[in-house]
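The values are calculated or read from the model by the stated rules, or taken from the named source; none is laboratory data. Worth saying up front: this structure is predicted, and the values here are computed from it rather than measured. Neighbour counts are summed over all protein chains in view; Cβ atoms, including those assigned to glycine, are modelled from backbone coordinates with ideal geometry. Each accessible area value is taken on the protein alone, full model and side chains, heavy atoms only, with ligands, DNA and RNA left out. Shrake-Rupley method; radii C 1.70, N 1.55, O 1.52, S 1.80 Å.
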Amino acid sequence: MFRIIKKSLKTGVVTGQYPESERPSEPINPAVTEKAKPFRRSLAIREVDTGSCNACEMEMNALLNPVYDAERFGIHIVASPRHADALVVTGPVTVNMERALKDVHRQTPDPKIVIALGDCAINCGIFKGSYAVTGPVERHIPVDVRIPGCPPRPAEILEALSELRKERP
Amino acid sequence: MTDSPSPERSIEQAIQTVFPSLIPDYPSGTALARYRTDTHQLPELVRFLHEKMRGRLALLFAVDCRPLEKKCELQYLFAFKSRQPFVLVTTELIGEERLFTSITPSIHAAQWYEREIRDLFGLIPQGHPDLRRLVRHEHWPKGTHPLQKDFSWNHVLERQQGEYRFSHIEGEGVFEVPVGPIHAGIIEPGHFRFSVAGEPIMQLEVRHFWKHRGVEKLFEQLPLIDAVLLAERVSGDTTIGHSLAYCQAVETLLHLDVPRRAKYLRSLFLELERLYNHLGDIGAMCNDTAYALAHAHCGRMKEQVMQLNDRLVGSRFLRGVMQVGGVSWDVDRSQLRNIVQELNGIQKDFSEVGAIIFANASLTDRLETTGVLTERIAWDHAVTGVVGRASGMDQDVRRDRPFAAYDELPVNVALYRYGDARARLRVRGDEIHESIRLIREIQARIPDGPIAIKPDRSASPGTWAVAAVEGWRGEILYFVSAGDDGMIHRCKVRDPSFVNWPAIQWAVLGNIIPDFPLINKSFNLSYAGNDL
């Protein structure tokens, strides 16, 4: 017990110890911020991988570690699309995942925001044109926010997400 | 060990005695003996290699030899104990021949490979006990075999109706639990079908390949020199492992002698990759037992290593550092000193967290005897890497077939025999310390010199090479053959996940479903690297 407390005291607070995002996030369409208004300061996210190389997943996971701690901004990862305000989709949409993606989108209650995370979700990246890839996410479901990068750094994801929830006058 | 008095060439001698008609050839650059055989002799030969010589089926794949020749080759790669060369058995199907004899009845590890060959090449393994589709899901039209040379890489697939038949267990009180392809956490897609009666799992069927992106076909559209970019994206968390294995294969093809400094830097990057993944895995395993404190500490240390990577080369995943002929980023003396200093801190930090983790009785209770993979089943599935070493399979490419700088950096291989989740945790813990020790060695021994050489010639069409790398998950294998104009003719990628996934179906038997996430995490396999 004492060992645990000692370790925690010695470690201290690590939250926020990361380099600031160098890349300014892309401006978000006012219509999307309008749509995000009912969520106010919280955002329940369901992450859907439709064929990424899993680097984007790792960075999404990193958002939850004590350094980034996305929960402090009211960003939660939820276990079911039915609990979600926003879908974060990573990877080009593969032939085998196309139907699953559409299902998830249908099962997410309105209003919902779709975030394409990473270059592959936005334009298929290096997998563009392959027989097993049916196209970027927006070919199948409407996309509201794009976060480019291969993969985007957690700081960049955080910044884009906070941009989304910024209250406008 | 008593039946092989001289370790040198003993396997070739044994083959010579039993199959006197077979003459090996030795392709240059790879420690490998290649035997050509016909389809009749093949089952007998591979059974001899597997059962008598204790050869592990490391890789089984097909090559469509068009346009050079109108035939398909089947290649069976066997790995033997430490420092023995690979044995590659090649057989060919001439012209329109589509049938070959399945070896799955005698070598269980061949089962997924042969189903994969059937899906991607349209060659049919006769006598295979399970001929359901593997890679091509049921909605793919009949007759679409993407790796045939006349199938265009950007072909647009139509959809057809179809049903995948899971294997069912019937009986009173037996019910099925389908999970996936989209899971509750932030993980990749895959489908698991459990058959349970009450709590214990009676059967698990893994249905994967949801993320099949056509990686091997995409390789064939790229020049040998540039395809490193794609290799980095086979499985994002193994960026270095895959790109290094790819580069090594191409360097063998081009007869490139990589500078020694580059070799040391390659080892450095590979160990950094191992470090952040193992740290993350230990935390994630603790998280799946609801031990949030350990998860937080490990997540923090993993983040520390990833930020270190970012400062070092500008990528948290070490992307863009590997190139054919060497590495593209140098790490100078003061940077190396900083790395070692920071890692020393992490080692101390991790030792303290490790002491807390292993002193926790409830955690030990959850981990011990959970998800036991016996050595026998591990061997039957030719399991590699962390999972294998936790089940008593003493193999590590860094020691057995030294690559990069490992011929000068001896590796102490972590080995446990219990095969449970705790053993897999311990292997990872030991390897974290070992990686940090290796990086200290690298700092002390790294020579000065150039970090890359330019490829000065091209590979002649039809030449090929095999490369093996011990990534953090296990043995990564690449087979690369050259085509016309410096393009890739065929690139076979084998992530350790591909061989380890079927084994998980056995490790969960008798465990309860709530322990499945923990067992899955203790294996921590890549879906992307498996599905390709």
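Hey, does segment B:156-165 have a residue that's within 14 Å of chain A (Cβ to nearest Cβ), open to solvent by less than 30 Å² (accessible area, probe 1.4 Å), part of a loop (DSSP other than H, G, I, E, B) and among the aromatic types (Phe, Trp, Tyr)? No, there is no match, as no residue in segment B:156-165 is within 14 Å of chain A (Cβ to nearest Cβ), open to solvent by less than 30 Å² (accessible area, probe 1.4 Å), part of a loop (DSSP other than H, G, I, E, B) and among the aromatic types (Phe, Trp, Tyr).
Being under 29 Å from the mean Cα position of the chain (by Cα), among the small types (Gly, Ala, Ser) and either assigned to a loop (DSSP other than H, G, I, E, B) or facing chain A (nearest Cβ under 9 Å) (or both) is true of residue B:152.
Take the conditions under 25 Å from the mean Cα position of the chain (by Cα) and either within 14 Å of chain A (Cβ to nearest Cβ) or at negative phi (or both) and apply them to residue B:331. Does it pass? Considered against the rule, which asks whether it is under 25 Å from the mean Cα position of the chain (by Cα) and either within 14 Å of chain A (Cβ to nearest Cβ) or at negative phi (or both), residue B:331 comes out as no. With respect to residue B:297, is the statement that it is surrounded by fewer than 19 Cβ atoms within 10 Å (Cβ to Cβ), in the same structural domain as residue B:405 (by TED's automatic domain parsing) and over 21 Å from the mean Cα position of the chain (by Cα) true? For residue B:297, the condition - surrounded by fewer than 19 Cβ atoms within 10 Å (Cβ to Cβ), in the same structural domain as residue B:405 (by TED's automatic domain parsing) and over 21 Å from the mean Cα position of the chain (by Cα) - is not met. Can you tell which of B:121, B:175 is closer than 21 Å to residue B:211 by Cβ and either outside the structural domain of residue B:290 (by TED's automatic domain parsing) or out of contact with any helix residue (DSSP H, G or I) (no Cβ under 8 Å at 6 or more places or on another chain) (or both)? Checking each option against the conditions leaves just B:121.
For residue A:79, the criteria (1) open to solvent by 10 Å² or more (accessible area, probe 1.4 Å); (2) touching a residue at least 40 places away in the same chain (Cβ under 8 Å); (3) of a type outside the set (Phe, Trp, Tyr); (4) facing another protein chain (nearest Cβ under 7 Å) hold in every case but one, which is (2).
Being under 25 Å from the mean Cα position of the chain (by Cα) and either surrounded by 13 or more Cβ atoms within 10 Å (Cβ to Cβ) or assigned to a loop (DSSP other than H, G, I, E, B) (or both): is that true of residue B:181 here? Taking the combined requirement at face value, the residue satisfies it. Listed conditions (1) surrounded by 15 or more Cβ atoms within 10 Å (Cβ to Cβ); (2) over 18 Å from residue B:92 (Cα atoms) are all met by residue B:28, apart from (1). For segment B:396-422, the tally of residues that are in a loop (DSSP other than H, G, I, E, B), touching a residue at least 12 places away in the same chain (Cβ under 8 Å) and open to solvent by 30 Å² or more (accessible area, probe 1.4 Å) stands at 8. Looking only at residues of segment A:157-169 that are assigned to a helix (DSSP H, G or I), open to solvent by 20 Å² or more (accessible area, probe 1.4 Å) and in contact with a Ser or Thr (Cβ under 8 Å, 6 or more places away or on another chain), we find that the one that is farthest from the other protein chains (Cβ to nearest Cβ) is A:163. For segment B:205-212, indicate whether the set of residues that are modelled with pLDDT of 90 or more and more than 12 Å from every other protein chain (Cβ to nearest Cβ) is non-empty. Checked segment B:205-212: at least one residue is modelled with pLDDT of 90 or more and more than 12 Å from every other protein chain (Cβ to nearest Cβ).
Quick check on my filter: what residues within segment B:189-202 are out of contact with any Gly (no Cβ under 9 Å at 6 or more places or on another chain) and either surrounded by fewer than 17 Cβ atoms within 10 Å (Cβ to Cβ) or not in a strand (DSSP E or B) (or both)? Of everything in segment B:189-202, just one residue is out of contact with any Gly (no Cβ under 9 Å at 6 or more places or on another chain) and either surrounded by fewer than 17 Cβ atoms within 10 Å (Cβ to Cβ) or not in a strand (DSSP E or B) (or both), namely B:199.
If I filter segment B:15-24 for residues that are open to solvent by 30 Å² or more (accessible area, probe 1.4 Å), within 24 Å of residue B:498 (Cα to Cα) and part of a loop (DSSP other than H, G, I, E, B), do I get at least one hit? The answer is no; no qualifying residue exists.
One residue stands out in segment B:287-314 among those that are free of Cβ contacts under 8 Å to residues at least 40 places away in the same chain and in a loop (DSSP other than H, G, I, E, B): the one that is nearest to residue B:232 (Cα to Cα), namely B:314. Looking only at residues of segment A:26-76 that are open to solvent by less than 40 Å² (accessible area, probe 1.4 Å), closer than 13 Å to residue A:161 by Cβ and over 13 Å from the mean Cα position of the chain (by Cα), we find that the one that is farthest from the other protein chains (Cβ to nearest Cβ) is A:33. Scanning segment A:125-149 for residues being open to solvent by less than 20 Å² (accessible area, probe 1.4 Å) and either under 19 Å from residue A:27 (Cα atoms) or more than 9 Å from every other protein chain (Cβ to nearest Cβ) (or both) gives a total of 6.
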